[in-house]
Amino acid sequence: MTQTPETQSASLIKEFAPRRSFLADFQRWEWLLVLLIVVVIVANTRLSPHFLDARNISRTSSDFMELGLMMLPMAFIIITTASVDLSVASNLGMCASFMGWLFMHGVNIWVAALAALALGTLAGFLNGNLVARLKLSPLVVTLGTYAFYRGVAYVLLGDQAARGYPKAFTYIGQGRIPGTLIPFSVALFVVLAIIFGLILHRTIFGRYTFSIGNNENATLYSGVPVARVKIILFTVSGFMAALAGLVLAARFGSTRPDIGTGLELAVITAAVLGGVDINGGRGTIVGTVLSLLLIGLMRFGMGLLNIQGQVQGIVIGLLLILSILLPNIAQQISSARGVRINWRSALISLGILAVFVLFFLFFFWSRAPVIAGG
Amino acid sequence: MKHRSLLLALTTLLLVGLLVSACGSAATKAPAATEAPAATEAPATEAPAATEAPATACEGDYVLVPKNLGNPYFDTANNGAQEAAKELGITVLYQGSATADATEQITLLNSLIAQQPCGLAISANDADALVPTGQAAMDANIPVVTWDSAIAPDGRTIHINQAILHDIGAIQIQMASELAGPDGGQIAILSATSTAPNQNAWIEVMKEELEKPEYANLELVEVVYGDDDDTKSYNEAQALFTKYPDLKVIIAPTTVGIAASARAVTDAELIGKVFVTGLGTPNQMREYVKNGAAPQFALWNPSDLGYLAVYAMHALANGEITAEAGQTFEAGKLGEYTIEDDPDLGLNVLLGLPFVYNAENIDDFNW
């Protein structure tokens, strides 16, 4: 809704388009994320004296960076294809295992790391070609490579662990920028987030991704090389998965073939919670970064309160459902003027919302002693 | 456009604000950080002055970390840990990740370290990946012990080892001898795969044990392999009955094999004639302990494991021991333990002999 073309037609659009209600300005999901982050920070600061402690935040922040690195290209892929790359975590595992395997066979760690990056890029390129050239569904293609890449990881390392990485390498995952408490991986993520943000929102390539996501055929007939854009996106996703693999292996100081198992769902959750429309065509990098921050702060805060992992999962899941429901409800309300409200779908939305909230309350009520650590 | 730049500005402000406030609190926390080593040194300097006085107790919680929550094996360990906590008058929290996964466990441990607990007792999901986290905890003056599944020696102080190879092999021959009775007889071993390293090592020990004079009346007729597959193990057990009509005991050093063998004995109505023993878990074997197909089997007792882990962590937190080989500490009902150094395992204490489950005690366990 901010993509108003700066031409004369702008005034025409302004005249004839339905007046945006003042609610519309607050429909932006990012505002809600900002609000939630503020609430989470204030609540946690009151609940735990350990929350606003730089060393604690520094230590915990690096737990979420691999997720963040894979989330950036995932946002592009969801916007463009209205589908996801399910193979990222397996690709991460394959690349980290490949690097570990090379290292155990006496290859220099940096050469091994470069080879792993190349392998990840190649794996992404394969995904992209299957999707764009053979016109296969991204979900099915990456479901296949999800199993395939993880399988390669197990073939490479078996039940062994690669370990003994040099300090210079583990710095990527464990080190901090000299003189500060900022982990290197966080700095790396911030730089890449800015680059991805600029590409998505300030370049023609970024326009292409939105355009393909909104109407692929129209975009194709406008002369946009749709297939090439998709291949580039999946290739970049593969590269970033490999990079995340290096960061995770460096953080662990070792690699096992099951490294990063299950991360792909956390990556998709972070992107969708950040307001990237799972139906394609909409989303911002700012939103995804905010969502990552929110997830990280919530997980850390709940961890400090010794809330069990399962309950943390419920909270994040609830938030994800809300992230899809709320804009839907808000849209119903704001479009009420002039258009008949779809009461049915609005009621169903509210009903589901109520069920979740009740379940959540019941859960906390029934397990309060457990959660309190009794 | 206006709203978007406003949003960007606010996001930046939020990030900067968080960093600044975090740094600010770090600055105020800084003196606390420099105080911390002083506080831990205090008892050390006081100790010589009042030698008999108990060391200053660490005030705060201890945490028992399983591989994951909702696993009856670890819940049983927690029962033992809570028993020890009651005896010591401390609080032991039971905190684990939702799944048995190293990434999740590290996230959990980081939020536990942030709370500065008195001690962490961890069952590790990955021996190597948890080393940096264990080191971070010890850098923050939190004693780290492991139990059930160790972190590599660099990432913890002592490991509570549940059992050693020799004892596991020896106890199975001892149980078989008891079941065969004073006259002895033929015994057979039903193992996992022929390449399973643990099982093969135990079988080697069993063969050495059989050389001893007290087991001279036991004759090992064959070692067969059920490949840890229920059906294959069942068929192998049946084949043993036909091949050796005088067979007295089947030893199955694998949880799959022992249950399949006991079921085969039950189905063939050989209860009282052929006995099954070996390594198993209570819930899986309860039925066969009660019907007499497998009157006794061995494994360690997870409850004792949790109990000992808490005593070890408490002794470290209060300076009774400093994690050096040869030091000893008291662990309530389990008695005195000595820290040993092992080339592979690093510093460790051995829980004791494997625990024998039988009709008298099996209903005390639910895992």
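The values are calculated or read from the model by the stated rules, or taken from the named source; none is laboratory data. Computed from a predicted structure; not experimentally measured. Cβ: placed from backbone, ideal geometry, glycine included. Neighbour counts: every protein chain shown.
Taken over segment A:290-302, residues that are of a type outside the set (Phe, Trp, Tyr) and within 9 Å of chain B (Cβ to nearest Cβ) amount to 6. Could you list, in sequence order, the residues of segment B:344-363 that are loosely packed, with under 12 Cβ neighbours inside 10 Å and either within 23 Å of residue B:72 (Cβ to Cβ) or modelled with pLDDT of 95 or more (or both)? Of everything in segment B:344-363, those that are loosely packed, with under 12 Cβ neighbours inside 10 Å and either within 23 Å of residue B:72 (Cβ to Cβ) or modelled with pLDDT of 95 or more (or both) turn out to be B:360, B:363. Scanning segment A:303-329 for residues that are at the interface with another protein chain (Cβ under 8 Å from one of its Cβ atoms) and part of a helix (DSSP H, G or I) gives A:303, A:304, A:309, A:310, A:312, A:313. Just one of the listed residues (B:201, B:188, B:137) is assigned by TED's automatic domain parsing to the domain that holds residue B:261, in a helix (DSSP H, G or I), among the small types (Gly, Ala, Ser) and in contact with a helix residue (DSSP H, G or I) (Cβ under 6 Å, 6 or more places away or on another chain), namely B:201.
Would you be able to say whether some residue in segment B:162-169 is part of a helix (DSSP H, G or I), facing chain A (nearest Cβ under 9 Å) and not basic (Lys, Arg)? Reasoning before the result, please.
Our first condition is that a residue be part of a helix (DSSP H, G or I); within segment B:162-169, this holds for B:165-169.
Narrowing further to those that are facing chain A (nearest Cβ under 9 Å): none.
Scanning segment B:162-169 turns up no residue that is part of a helix (DSSP H, G or I), facing chain A (nearest Cβ under 9 Å) and not basic (Lys, Arg).
Would it be correct to say that residue A:147 is at pLDDT 95 or above and at negative phi? Against the criterion (at pLDDT 95 or above and at negative phi), residue A:147 qualifies. Do we have any residue at all in segment A:82-95 that's more than 19 Å from the chain's Cα centre (by Cα) and either more than 14 Å from every other protein chain (Cβ to nearest Cβ) or part of a helix (DSSP H, G or I) (or both)? Yes; the residues of segment A:82-95 include at least one that is more than 19 Å from the chain's Cα centre (by Cα) and either more than 14 Å from every other protein chain (Cβ to nearest Cβ) or part of a helix (DSSP H, G or I) (or both).
Taking segment A:26-57 as the range and being aliphatic (A, V, I, L, M), facing chain B (nearest Cβ under 8 Å) and part of a helix (DSSP H, G or I) as the test, the residues that pass are A:34, A:37, A:38, A:41, A:54, A:57.
Yes or no: residue A:163 under 24 Å from residue A:259 (Cβ atoms), within 14 Å of chain B (Cβ to nearest Cβ) and of a type outside the set (A, V, I, L, M)? Step through it out loud before you land on a result.
Numbers: under 24 Å from residue A:259 (Cβ atoms): yes; within 14 Å of chain B (Cβ to nearest Cβ): yes; of a type outside the set (A, V, I, L, M): yes.
Yes: the conditions hold for residue A:163.
The number of residues in segment B:215-243 that are closer than 13 Å to residue B:258 by Cα, part of a loop (DSSP other than H, G, I, E, B) and not acidic (Asp, Glu) comes to 1.
Looking at segment A:189-209, is at least one residue assigned by TED's automatic domain parsing to the domain that holds residue A:163, buried (at least 21 other Cβ atoms within 10 Å of the Cβ) and among the aliphatic types (A, V, I, L, M)? Looking for residues that are assigned by TED's automatic domain parsing to the domain that holds residue A:163, buried (at least 21 other Cβ atoms within 10 Å of the Cβ) and among the aliphatic types (A, V, I, L, M), one finds at least one in segment A:189-209, hence yes.
Listed here are the residues, each with its yes/no results for (1) at pLDDT below 95; (2) of a type outside the set (A, V, I, L, M).
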| position | (1), (2) |
| --- | --- |
| A:237 | no, yes |
| A:273 | yes, no |
| A:280 | yes, yes |
| A:288 | no, yes |
| A:291 | no, yes |
| A:298 | yes, no |
| A:304 | yes, no |
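Against the condition outside the structural domain of residue B:322 (by TED's automatic domain parsing) and either at pLDDT 95 or above or touching a strand residue (DSSP E or B) at 6+ places or on another chain (Cβ under 8 Å) (or both), how does residue B:173 come out, does it pass? So residue B:173 passes the test.
Checked against (1) out of contact with any strand residue (DSSP E or B) (no Cβ under 6 Å at 6 or more places or on another chain); (2) of a type in the set (Ser, Thr, Tyr); (3) more than 7 Å from chain A (Cβ to nearest Cβ), residue B:94 passes all but a single condition, namely (1).
To keep it simple, each residue is scored yes or no on (1) surrounded by fewer than 22 Cβ atoms within 10 Å (Cβ to Cβ); (2) touching a residue at least 24 places away in the same chain (Cβ under 8 Å).
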| residue | (1), (2) |
| --- | --- |
| B:286 | yes, yes |
| B:301 | no, yes |
| B:305 | no, yes |
| B:311 | no, yes |
| B:316 | no, yes |
| B:329 | yes, no |
| B:342 | yes, no |
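Reported count of residues in segment A:60-108, each being touching a strand residue (DSSP E or B) at 6+ places or on another chain (Cβ under 8 Å) and closer than 26 Å to residue A:297 by Cα, is 3.
This table checks each residue for (1) within 14 Å of chain B (Cβ to nearest Cβ); (2) among the acidic types (Asp, Glu); (3) under 30 Å from residue A:174 (Cβ atoms).
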site: A:209; (1), (2), (3): no, no, no
site: A:213; (1), (2), (3): no, no, no
site: A:222; (1), (2), (3): no, no, no
site: A:225; (1), (2), (3): no, no, no
site: A:232; (1), (2), (3): no, no, no
site: A:239; (1), (2), (3): no, no, yes
site: A:244; (1), (2), (3): yes, no, yes
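Looking across segment B:116-136, just one residue is within 9 Å of chain A (Cβ to nearest Cβ) and within 21 Å of residue B:315 (Cβ to Cβ), and that is B:116.
Just one of the numbered conditions (1) away from chain B (no Cβ under 14 Å); (2) touching a helix residue (DSSP H, G or I) at 6+ places or on another chain (Cβ under 9 Å) is not true of residue A:174: (1).
Selection within segment A:258-269: residues that are outside any loop (DSSP other than H, G, I, E, B) and either surrounded by fewer than 24 Cβ atoms within 10 Å (Cβ to Cβ) or of a type in the set (Ser, Thr, Tyr) (or both). The member of this set that is farthest from the other protein chains (Cβ to nearest Cβ) is A:268.
Okay, residues lined up against (1) assigned to a loop (DSSP other than H, G, I, E, B); (2) within 14 Å of another protein chain (Cβ to nearest Cβ); (3) not hydroxyl-bearing (Ser, Thr, Tyr):
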residue	(1), (2), (3)
A:61	no, yes, no
A:64	no, yes, yes
A:76	no, no, yes
A:103	no, yes, yes
A:126	no, no, yes
